[in-house]
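Visitor: I'd like to ask some things about the structure below.
The values are calculated or read from the model by the stated rules, or taken from the named source; none is laboratory data. Note that the structure is a prediction, hence the values are computed from the model and not measured. Positions of Cβ are generated from backbone atoms using ideal geometry, with glycine treated the same way; all protein chains shown enter the neighbour counts. Surface areas here come from the heavy atoms of the whole protein model, side chains and all, with no ligands, DNA or RNA. Shrake-Rupley method; radii C 1.70, N 1.55, O 1.52, S 1.80 Å.
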Amino acid sequence: MKVEDAVRQRKSVRAFKSDPVSLDEIRAILNIARHAPSGGNLQPWKMIVLAGEALQAVSFLGQKTMAANPLGEAASHPIYPEKVAEPYRSRRYKVGEDMYAILGITREDKFGRLGQMAGNFKFFGAPCAIFFVIDKSMGHGQWAHLGMLMQTICLVAEERGISTCMQEAWGMVRETLAQHFDLPDTEMIYCGMALGYEDTEAAVNSLRTDRAALDEIAVFNGF
């Protein structure tokens with residue numbers, strides 16, 4: 001598979017088969033992905049990889065925490081700005097509406113929408129998950145570098161027939177996760193990622209998000 005094909009083919013999968021992914025396969029993916037770009041070679045990342053009972057325990061913890069507080073825990077690093085300006089607001093709104101339309105969930109169906117959101121904390125049925133940890137002393141540049149690692153993992157996994165879903169929703173329970181994983185006060189969870197084999201019969205996996213046209217996001221000078 002060409003890199004170009006992996007980039008175009010990758011998507012956020014929100015329904016996985018229960019088929020396990022072997023430890024050897026996961027280690028192979030991460031062993032390649034650790035060569036992702038890193039400014040100053042800081043490699044400002046750690047990963048916690050879960051499967052089996054360990055994954056189920058975290059899933060239960062996430063569901064329990066969100067059931068008690070549907071708005072999530074107070075966070076110093078919110079997933080989105082409090083007010084998202086245009087055109088970003090419309091882009092975010094559209095992907096949500098497109099997904100709910102595929103699932104047949106109407107705007108009035110609050111429980112249906114909450115139920116789909118709750119799927120995040122079940123890893124959408126994936127048999128494996130990764131949590132990404134970063135040192136709190138790191139700046140915005142290092143958060144970007146962590147994102148490069150995550151994207152690299154997704155592309156390597158795609159090449160090997162394994163699907164992924166990057167899950168910022170886990171940022172809503174960072175404090176609970178920190179306690180569960182016994183993280184030192186200097187570290188925090190950024191987000192999670194579900195990994196597994198796509199359930200190709202699930203309607204939600206037919207969702208392909210729009211992308212802005214190139215000339216909308218790029219300016220070319222000097223050519």
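Visitor: Looking at the range 176-198, can you tell me whether even one residue there is in contact with a strand residue (DSSP E or B) (Cβ under 7 Å, 6 or more places away or on another chain), at pLDDT 95 or above and among the β-branched types (Val, Ile, Thr)?
Guide: So far as the range 176-198 goes, yes, one or more of its residues are in contact with a strand residue (DSSP E or B) (Cβ under 7 Å, 6 or more places away or on another chain), at pLDDT 95 or above and among the β-branched types (Val, Ile, Thr).
Visitor: Also, I was wondering about something else. Give me the pairs, please: first residue somewhere in the range 116-144 and in contact (Cβ under 8 Å) with a residue 24 or more places away in the chain and in a helix (DSSP H, G or I), second residue anywhere and open to solvent by 10 Å² or more (accessible area, probe 1.4 Å) and among the basic types (Lys, Arg), beta-carbon distance under 7 Å, and either six or more positions apart or on two chains.
Guide: Listed pairs, sorted by first residue: 119/14; 124/14.
Visitor: Hey, can you tell me all the residues within the range 42-52 that are open to solvent by less than 70 Å² (accessible area, probe 1.4 Å) and either in contact with a strand residue (DSSP E or B) (Cβ under 6 Å, 6 or more places away or on another chain) or part of a loop (DSSP other than H, G, I, E, B) (or both)? It would help to see each step written out before you state the result.
Guide: Here is the first cut: in the range 42-52, the residues open to solvent by less than 70 Å² (accessible area, probe 1.4 Å) are 44-45, 47-52.
Across the range 42-52, the qualifying residues are 44, 45, 47, 48, 49, 50, 51.
Visitor: Provide a single number: the residues in the range 1-41 that are open to solvent by 90 Å² or more (accessible area, probe 1.4 Å), assigned to a loop (DSSP other than H, G, I, E, B), touching a residue at least 24 places away in the same chain (Cβ under 8 Å) and over 14 Å from residue 196 (Cβ atoms).
Guide: 3
Visitor: Ok, one more. Which residue, of 204, 219, is assigned to a helix (DSSP H, G or I) and out of contact with any Phe, Trp or Tyr (no Cβ under 7 Å at 6 or more places or on another chain)?
Guide: Numbers: 219 fails: assigned to a helix (DSSP H, G or I).
Sole residue among the options that is assigned to a helix (DSSP H, G or I) and out of contact with any Phe, Trp or Tyr (no Cβ under 7 Å at 6 or more places or on another chain): 204.
Visitor: Now a separate question. Have a look at 76, 12 and point out the one that is of a type in the set (Ser, Thr, Tyr) and under 25 Å from residue 163 (Cβ atoms).
Guide: Working: 76 fails: under 25 Å from residue 163 (Cβ atoms).
Matching residue, one of 76, 12: 12.
Visitor: So in the range 178-209, with the set limited to residues that are touching a residue at least 24 places away in the same chain (Cβ under 8 Å) and farther than 30 Å from residue 45 by Cβ, which one is least open to solvent (accessible area, probe 1.4 Å)?
Guide: Checking each candidate, the answer is 202.
Visitor: I'm told residue 155 meets every condition in (1) of a type outside the set (Gly, Ala, Ser); (2) in contact with a strand residue (DSSP E or B) (Cβ under 7 Å, 6 or more places away or on another chain); (3) open to solvent by less than 70 Å² (accessible area, probe 1.4 Å) except one. Can you identify the failing condition by its number?
Guide: (2)
Visitor: Looking at the range 98-112, I want the residues that are surrounded by 11 or more Cβ atoms within 10 Å (Cβ to Cβ) and have a partner that is at pLDDT below 85 and among the charged types (D, E, K, R) with Cβ atoms under 6 Å, at least 6 apart or on another chain. Which pairs are those?
Guide: Every condition considered, the pairs that remain are 105/113.
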